[in-house]
Amino acid sequence: MFITFEGIEGSGKTTQLRRLADRLPEAVITKEPGGTPLADEIRGILLDARSRLDPLAELFLFAASRRQNVVEVIRPALDDGRVVLCDRFTDATLAYQGFGRLLDLDRLRMLNDWATGSLQPDLTVLFDLPEEVGLDRARSRNVEATKNEGRFEAEDLRFHRRVREGYLALAAAEPERTARRTMCSTE
Ligand code: TYD
């Protein structure tokens, strides 16, 4: 069983993933971008606010990180019959690079398919909340952290609104795979 957690910045998905992980001690936990030593290095480039990344170069780095994670972590775990919980996956590329950066969705789907060997989550949980609430939360968290990981938080509210609407459209298009949870702002 392959379960992915999606949502805009500050939606609480990582907290919920950890809660589920506590109940499933045998599950393999991973995240994107990242999940392997090499993919973690790519993550550093992708999230660093100092990176001047072209949108296509950004896309290919996400795809490279995903490929490493699928080949080294996710696929072997699934083949072993393990449950895998992943913090973001292919829907994030459609939401952020497609709806956010306005890259062509069909090409993104093709690239996702190619990078993952057509691996699809069995279940995707989408955590939804207003973008201004999520962004405030994510930005203040980033100020507290010492790491320089704010490249996406630095995008304006319109970008994050498009990402949120993108996620909602994707969930509506595949209701049998997606469970949507509305987060209240105090959660
Ligand atoms: P991360 O710190 O993991 O954000 P969060 O804590 O909100 O999950 O950073 C991941 C960022 O990368 C996040 O802003 C979403 C973005 N992203 C994409 O743009 N495309 C992708 O395919 C993935 C996996 C993430």
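Restricting to the range 148-177, what's the tally of residues that are outside any loop (DSSP other than H, G, I, E, B), over 23 Å from SER51 (Cβ atoms) and either touching a Lys or Arg at 6+ places or on another chain (Cβ under 6 Å) or free of Cβ contacts under 8 Å to residues at least 24 places away in the same chain (or both)?
3
Scan (1) open to solvent by 60 Å² or more (accessible area, probe 1.4 Å); (2) without any contact (Cβ under 8 Å) to a residue 40 or more places away in the chain; (3) not in a loop (DSSP other than H, G, I, E, B) for the single condition LEU56 breaks and write down its number.
Result: LEU56 fails condition (2) only.
Do any residues in the range 87-111 that are in contact (Cβ under 8 Å) with a residue 40 or more places away in the chain and under 22 Å from PHE127 (Cβ atoms) have Cβ atoms under 7 Å from those of residues that are surrounded by fewer than 17 Cβ atoms within 10 Å (Cβ to Cβ) and of a type in the set (Val, Ile, Thr), where the two are at least six apart or on different chains, and which pairs are they?
These pairs meet every condition: ASP87/THR14.
Counting only residues that are more than 10 Å from the ligand (Cβ to nearest atom) and part of a loop (DSSP other than H, G, I, E, B), which one in the range 5-34 is nearest to the chain's Cα centre (by Cα)?
ALA27
Please verify whether VAL163 is within 14 Å of the ligand (Cβ to nearest atom) and aliphatic (A, V, I, L, M), treating the condition exactly as stated.
Judged against the criteria, VAL163 is a match.
Pick from the range 88-125 the residues that are surrounded by fewer than 21 Cβ atoms within 10 Å (Cβ to Cβ) and among the basic types (Lys, Arg): which of them is nearest to ALA77 (Cα to Cα)?
Ranking the qualifying residues of the range 88-125, first place goes to ARG109.
Pull up the range 35-50, narrow it to residues that are more than 12 Å from the ligand (Cβ to nearest atom) and at pLDDT 95 or above, then point me to the one that is most open to solvent (accessible area, probe 1.4 Å).
By that ranking, first place goes to GLU41.
Based on this model, can you work out whether LEU20 counts as open to solvent by 30 Å² or more (accessible area, probe 1.4 Å) and among the aliphatic types (A, V, I, L, M)?
In short, yes.
The values are calculated or read from the model by the stated rules, or taken from the named source; none is laboratory data. Everything quoted here is computed from the prediction, not taken from an experiment. Note that we place each Cβ from the backbone using ideal geometry, even for glycine, and neighbour counts take in every protein chain shown. Side chains are part of the model used for accessible areas, which takes the heavy atoms of the whole protein and leaves out ligands, DNA and RNA. Shrake-Rupley method; radii C 1.70, N 1.55, O 1.52, S 1.80 Å.
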